[in-house]
Amino acid sequence: MNAALAVGGGLVVLIGGAELLVRGASRIAARLAIAPIVIGLTIVSLGTSAPELAIGIDAALTGSAALAVGNIVGTNIVNLLLILGGSAAIRSIALGIQTLRTDLPVIAFAAVLLLVLARDGQLSTLDGTILILFGFGYTAAIVRLGRHEPATVQAEFDHEFAPPPEEKSAARLVRDFALLVGGLAIVVVGAEVLVGGAVDLARAFGVSEAVIGLTIIAIGTSAPELVTTLISTVRGDRDVALGNLLGSSVYNIALILGITALVAPGGIEVPPEVLRVDLPVMTAVALACVPVFVTGRKVSRFEGAVFVGCYALYLTYLLIART
């Protein structure tokens, strides 16, 4: 019971801290005259991955790297199958040029790259460096391409991330830094509580830490993206939400796992079952998005329902065969 409370409480604290961190970082960036679309495509996508980063670092330093790997792989599967699929099942998704030209091929490449690097069962310091450099290259590309988005998409980012005129005074800067630092501190504390609870939960139920990361923690850390994307779907303005969702999935692999591999003493050991099943599933899902996305430049309601059904099957497999 205490372990379950620690996991639940840690998730709530993590999500709350990430929200404060994103809000503070976005406002500071806006005061530095950074375009709202760049804020949305980079800072917010990175901010929504803050829980995964905090969990990864804490897990790596406490000898629970399997939890970190499971969380990243599980989160990306949730993002693509459950959240993206669920959004499309409600209302078909028309895909923008940014998604087709950048996000789609990059997600597929990132998944394949991770599978190749992890094939020996280890993510070494060199592997982590390669992933981080890839993440930097992706960031530079989307910043450059984001400036050429259609006016309608730019307007949506302006509405979402530009600060109100009355909040642009320098007097508000201290408050924004407080949000940033406070959010970061809360995320760190939440991660420590959650990782400890997750390890205890795995021991109590006799399952691997990787399975806990693939299920409870992956779904929990993806909850904000799920709610945001579904609300945006109902409202009919999903460019920002989907852009952040896809960008966050890339950053999870490139920067979050990359940094975790650098921090972990001796790198990260990838559990055999993750290397044999879950990582190939994540890669297959990313590659499957290519023909689905390109055909008609949209994700139909039927395709979305198939994605959700596939996640249900995968989750059923985890709960039956791996517990």
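The values are calculated or read from the model by the stated rules, or taken from the named source; none is laboratory data. Owing to the predicted nature of the structure, the values given are computational and were not obtained by experimental measurement. Please note: Cβ atoms are built from the backbone with ideal geometry, for glycine as well, and neighbour counts cover all protein chains shown.
Quick notes on this structure:
- Complete set of residues in the range 80-128 that are among the charged types (D, E, K, R) and more than 22 Å from CYS310 (Cβ to Cβ): ARG101, ARG119, ASP120, ASP127
- Among the numbered conditions (1) without any contact (Cβ under 8 Å) to a residue 24 or more places away in the chain; (2) among the hydrophobic types (A, V, I, L, M, F, W, C); (3) farther than 25 Å from PHE136 by Cα, the only one that ALA29 does not meet is (3).
- Verdict on GLU209 being of a type in the set (Asp, Glu), touching a residue at least 60 places away in the same chain (Cβ under 8 Å) and within 17 Å of ALA50 (Cβ to Cβ): no
- Residue within the range 63-80 that is of a type outside the set (Gly, Ala, Ser) and either modelled with pLDDT under 85 or over 30 Å from ALA284 (Cβ atoms) (or both) present: no
- When every residue of the range 102-118 is checked against the conditions, at least one turns out to be closer than 16 Å to LEU257 by Cα, surrounded by fewer than 14 Cβ atoms within 10 Å (Cβ to Cβ), out of contact with any helix residue (DSSP H, G or I) (no Cβ under 9 Å at 6 or more places or on another chain) and modelled with pLDDT of 75 or more.
- Of all residues making up the range 82-129, the number that are of a type in the set (Asp, Glu) and not in a helix (DSSP H, G or I): 1
- Restricting PHE293, PHE302 to those that are surrounded by fewer than 21 Cβ atoms within 10 Å (Cβ to Cβ), out of contact with any Pro (no Cβ under 8 Å at 6 or more places or on another chain) and either among the charged types (D, E, K, R) or on the phi < 0 side of the Ramachandran plot (or both) reduces the list to PHE302.
- Residue in the range 224-246 that is of a type outside the set (D, E, K, R), touching a Phe, Trp or Tyr at 6+ places or on another chain (Cβ under 9 Å) and modelled with pLDDT of 75 or more present: no
- Residue within the range 279-298 that is touching a strand residue (DSSP E or B) at 6+ places or on another chain (Cβ under 9 Å), within 23 Å of LEU46 (Cα to Cα) and either modelled with pLDDT under 90 or not polar (S, T, N, Q) (or both) present: yes
- The listed residues are ALA288, ALA261, ALA254, and the only one of them that is over 30 Å from PHE205 (Cβ atoms), among the small types (Gly, Ala, Ser) and either in contact (Cβ under 8 Å) with a residue 12 or more places away in the chain or in a loop (DSSP other than H, G, I, E, B) (or both) turns out to be ALA254.
- Some residue of the range 8-26 being more than 22 Å from ILE259 (Cα to Cα), surrounded by fewer than 24 Cβ atoms within 10 Å (Cβ to Cβ) and either among the basic types (Lys, Arg) or touching a His at 6+ places or on another chain (Cβ under 7 Å) (or both): yes
Each row is one residue, and each column tells you yes or no for (1) within 12 Å of the chain's Cα centre (by Cα); (2) crowded, with 23+ Cβ neighbours inside 10 Å; (3) within 30 Å of SER300 (Cα to Cα).
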residue: GLY182; (1), (2), (3): no, no, no
residue: ALA204; (1), (2), (3): no, no, no
residue: THR215; (1), (2), (3): no, no, yes
residue: LEU226; (1), (2), (3): yes, no, yes
residue: ILE256; (1), (2), (3): yes, yes, no
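- Just one residue in the set GLY213, GLY137, GLY182, GLY197 is farther than 26 Å from LEU11 by Cα, modelled with pLDDT of 85 or more and assigned to a helix (DSSP H, G or I); that residue is GLY137.
- Residues of the range 76-94 satisfying the condition of being touching a Lys or Arg at 6+ places or on another chain (Cβ under 6 Å), surrounded by fewer than 18 Cβ atoms within 10 Å (Cβ to Cβ) and not polar (S, T, N, Q): ALA94
- Residue match in the range 227-236 (condition: under 23 Å from ALA54 (Cβ atoms) and free of Cβ contacts under 8 Å to residues at least 60 places away in the same chain): yes
- Candidates ILE219, ILE231 - the one that is among the β-branched types (Val, Ile, Thr), surrounded by fewer than 24 Cβ atoms within 10 Å (Cβ to Cβ) and under 17 Å from the mean Cα position of the chain (by Cα): ILE219
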